[in-house]
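Encoded as structure tokens, the structure appears first; notes follow it.
The values are calculated or read from the model by the stated rules, or taken from the named source; none is laboratory data. Worth saying up front: this structure is predicted, and the values here are computed from it rather than measured. Cβ placement follows ideal geometry from the backbone for every residue including glycine, while neighbour counts extend to all protein chains displayed.
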Amino acid sequence: MKQQRMSFWDIWNMTFGFLGIQFGFALQNANASRILQTFGADVEHLSWFWIAAPLTGMIVQPLVGHFSDKTWTKLGRRKPYFLVGAILASVALVFMPNSAMLAHLMPAMMVGAGMLMIMDASFNIAMEPFRALVADLLPSDQRTLGFSIQTFLIGTGAVIGSWLPYILAEWIGVEKISAEGGVPDNVIISFYIGAAVLISSIIWTITKTKEYPPEKTADEEKKKTNGLVEIFSDFIAMPKTMKQLGIVQFFSWFALFSMWVFTTPAVAVHIYGTDINDTTSELYQDAGNWVGIIFGVYNLVAAIYALLLPAIAKKIGRKLTHSVSLLLGGISLMSIYLIQDPNMLLIPMVGIGIAWGSILAMPYAILAGSLPAKKMGIYMGIFNFFITVPQILNGIVGGPIVKRFYDSQAIYAIVFAGICLLIAAASVVFVEDKDDAKQLKIFNR
């Protein structure tokens, strides 16, 4: 694969599609739980519905990575997957808040859960090749910058997506209350806008970025193996650095899953004082809209922090940068238990945003240097196992734990999420990053 130094704006164009992906992903993260609760889901069952997201990701990403490694079309290598994923995700964004329209076929809650699965599978189809594309086209010394710009765009898209329902309701006056069993207009319109932004940003990257055909040796041309067998073989032979990062990723994403699933009920009950079963009241909707705002804040912090990551990592190393970032995130999540004023939630979002910005960039920057160039896509897909498995585990046990051990008080799931980030921060110490060590030695001469 041809690698050459790229200008800032070339890297920007190459990663711009992630803005749209994260716009839609943020709408899902901030609103899926309350949409499902509107359709009748109990807090105990929320995490079960969310299992659909990581489960589809675990299946889809390695397959997309494997096949994109072996794809070459007139459109390119990774770009066909961007486009297909964007189209499917846009359709799911339109249908999810309108699931009640199909209630004559099956319960709206089941339709909504199905749309959540389709949406996340589509995000994964579009998302995984973006990671591989950065590693494909950029030399080692520009990869931290590439993943940092990608993270900035992720944060920017997430800010807009998270804030949009609140802006439509409070600034523009779109209706934020609906009849029982219905989704408010401000949420529905936000999902429509998200679909349009997603597809347009992906098209921007497709038209502005040039891919180069992969180089194949004669031996590789002769070698024909079953795709699943090859994926399994590559999984067994994964580099040592990937295994070590897997532990960090496990605890990081276990924490993130808890935050996305349980923040709305935690804030609504613990801070706003609503009843956990009163999901159609104006107070509960206010809590849901405010969660969108604070999620936007942590994504805004992540976007800004992403631009600082290359300089910080160059000075103190990628490992220490990531470890400190996770530490701040863990402390911030745990501090939410002490907050009673909704406005004060903005403070821990700073630390959470720092952790999120680092999670989206530093593990991939560390990982890319340890991977063989011809298997960048498949290994980026396999690396997703360490993101999806903890979410699936959390999805299975998280809801029952909240119901039976926390007496339906979701705030304790948020506190435990903070503890998991602290464990992840400590685990970074054991990761081997040879490229980072070399760069630090050069910088500190």
Have a look at 425, 368, 413 and point out the one that is closer than 25 Å to residue 150 by Cβ, modelled with pLDDT of 90 or more and more than 17 Å from the chain's Cα centre (by Cα).
425
Would you call residue 27 surrounded by 24 or more Cβ atoms within 10 Å (Cβ to Cβ), at pLDDT 80 or above and closer than 29 Å to residue 283 by Cβ?
yes
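Residues that are of a type outside the set (A, V, I, L, M), free of Cβ contacts under 8 Å to residues at least 60 places away in the same chain and at negative phi, at least 1 per element: which helices (runs of 4 or more DSSP H) completely within the stretch 104-214 meet that? Reasoning before the result, please.
Values: elements: 108-137, 140-166, 185-208.
Per the criteria, 108-137, 185-208.
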Condition first: free of Cβ contacts under 8 Å to residues at least 40 places away in the same chain and not in a helix (DSSP H, G or I). Now tell me which residues in the stretch 278-301 satisfy that.
278, 281
Read through the list (1) surrounded by 21 or more Cβ atoms within 10 Å (Cβ to Cβ); (2) under 17 Å from residue 213 (Cα atoms); (3) touching a Gly at 6+ places or on another chain (Cβ under 8 Å), then give the number of the only condition that residue 81 fails.
(3)
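Filtering the stretch 320-349 down to residues that are of a type in the set (Val, Ile, Thr) and within 16 Å of residue 294 (Cβ to Cβ), which residue is surrounded by the most Cβ atoms within 10 Å (Cβ to Cβ)? Quick ask: steps written out before the conclusion?
From the stretch 320-349, those of a type in the set (Val, Ile, Thr) are 321, 324, 331, 336, 339, 347; that's our starting set.
Now drop any that are not within 16 Å of residue 294 (Cβ to Cβ), which leaves 336, 339, 347.
Numbers: 336: 25, 339: 17, 347: 14.
The residue in question is 336.
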Please state which of the following conditions residue 15 fails to meet, knowing it meets all the rest: (1) hydroxyl-bearing (Ser, Thr, Tyr); (2) out of contact with any Asp or Glu (no Cβ under 6 Å at 6 or more places or on another chain); (3) more than 23 Å from residue 296 (Cα to Cα).
(3)
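Anything in the stretch 378-415 that is β-branched (Val, Ile, Thr) and over 13 Å from residue 58 (Cβ atoms)? List them, or say none. Quick ask: steps written out before the conclusion?
Taking the stretch 378-415 first, the residues β-branched (Val, Ile, Thr) are 378, 382, 387-389, 392, 396-397, 401-402, 411, 414-415.
Within the stretch 378-415, 378, 396, 397, 401, 402, 411, 414, 415 qualify.
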Scan the stretch 34-55 and tell me whether some residue there is among the basic types (Lys, Arg) and modelled with pLDDT of 85 or more.
no
Let me confirm something: among 87, 21, 11, which residue is of a type in the set (A, V, I, L, M) and within 24 Å of residue 262 (Cβ to Cβ)?
21
Could you tell me how many of the residues in the stretch 87-125 are of a type in the set (Ser, Thr, Tyr) and modelled with pLDDT under 80?
1
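Filter the stretch 239-274 for residues that are among the polar types (S, T, N, Q) and at pLDDT 95 or above and give the result. Quick ask: steps written out before the conclusion?
Residues of the stretch 239-274 among the polar types (S, T, N, Q): 241, 244, 249, 252, 258, 263-264, 274.
Selection gives 249, 252.
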Scan 319, 315, 243 and give me the residue that is free of Cβ contacts under 8 Å to residues at least 24 places away in the same chain, part of a helix (DSSP H, G or I) and farther than 22 Å from residue 159 by Cβ.
243
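Condition check ((1) buried (at least 23 other Cβ atoms within 10 Å of the Cβ); (2) in a helix (DSSP H, G or I)) across all residues:
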{"site": "374", "(1), (2)": "no, yes"}
{"site": "379", "(1), (2)": "yes, yes"}
{"site": "388", "(1), (2)": "yes, yes"}
{"site": "397", "(1), (2)": "no, yes"}
{"site": "403", "(1), (2)": "no, yes"}
{"site": "409", "(1), (2)": "no, no"}
{"site": "412", "(1), (2)": "no, yes"}
I want to confirm something. Restricting to the stretch 30-55 and keeping residues that are farther than 17 Å from residue 115 by Cβ and in contact with a helix residue (DSSP H, G or I) (Cβ under 7 Å, 6 or more places away or on another chain), which single residue is surrounded by the fewest Cβ atoms within 10 Å (Cβ to Cβ)?
44
